[in-house]
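Some notes on the structure that comes next.
The values are calculated or read from the model by the stated rules, or taken from the named source; none is laboratory data. It should be emphasised that the depicted structure is a prediction, and the values quoted were computed from it without experimental measurement. Quick reminder, even Gly has a Cβ in these numbers, built from the backbone with ideal geometry, and neighbours come from all protein chains shown. Side chains are part of the model used for accessible areas, which takes the heavy atoms of the whole protein and leaves out ligands, DNA and RNA. Shrake-Rupley method; radii C 1.70, N 1.55, O 1.52, S 1.80 Å.
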Amino acid sequence: MPKLVFTHAVVDVDRWLKGKPDREVLGSNVVDYVAEDGSNNIAISVDVDDPAAMQAMLASPPAEVQAQMDEHGVVPPIMTYIEA
């Protein structure tokens with residue numbers, strides 16, 4: 001199963017960390033990372049079944065997904081990397 005790594009900024013790291021249970025639906029083996037430099041930059045690695053579908057969904061998120069992203073303080077752009 002491919003592993004994707006997403007990076008982006010957040011409004012507030014603590015607020016974003018509270019949304020961990022919501023990120024479990026992204027796929028399996030979800031791991032959150034927070035930059036230690038005091039910035040609000042984060043990363044998420046996750047194993048997904050269909051990387052193309054995940055990237056397409058994040059490029060144009062449905063209203064319910066956008067609402068969750070807003071609730072968690074996600075600041076676009078979201079960069080996606082496919083881990084080899």
List the pairs whose first member sits in region 10-35 and is closer than 10 Å to G73 by Cβ, whose second member is part of a strand (DSSP E or B), and whose Cβ atoms are under 7 Å apart, counting only residues at least 6 apart or on separate chains? V10/I42; V10/V74; V10/V75; V11/V75; V13/V34; V13/I42; W16/V10; W16/I42
Within region 29-52, count every residue that is open to solvent by 50 Å² or more (accessible area, probe 1.4 Å) and either touching a Phe, Trp or Tyr at 6+ places or on another chain (Cβ under 6 Å) or not in a loop (DSSP other than H, G, I, E, B) (or both). 6
If R23 passes every condition in (1) under 15 Å from Q68 (Cβ atoms); (2) part of a strand (DSSP E or B) but one, which one does it miss? (2)
All positions within region 18-28 that are more than 10 Å from the chain's Cα centre (by Cα) and crowded, with 16+ Cβ neighbours inside 10 Å: G19, G27
Please work out which residue is modelled with the lowest pLDDT, limiting yourself to region 67-84 and to residues that are in a strand (DSSP E or B) and farther than 18 Å from D12 by Cβ. E83
Any residue at all in region 2-17 that is in a strand (DSSP E or B), open to solvent by 40 Å² or more (accessible area, probe 1.4 Å) and among the aromatic types (F, W, Y)? no
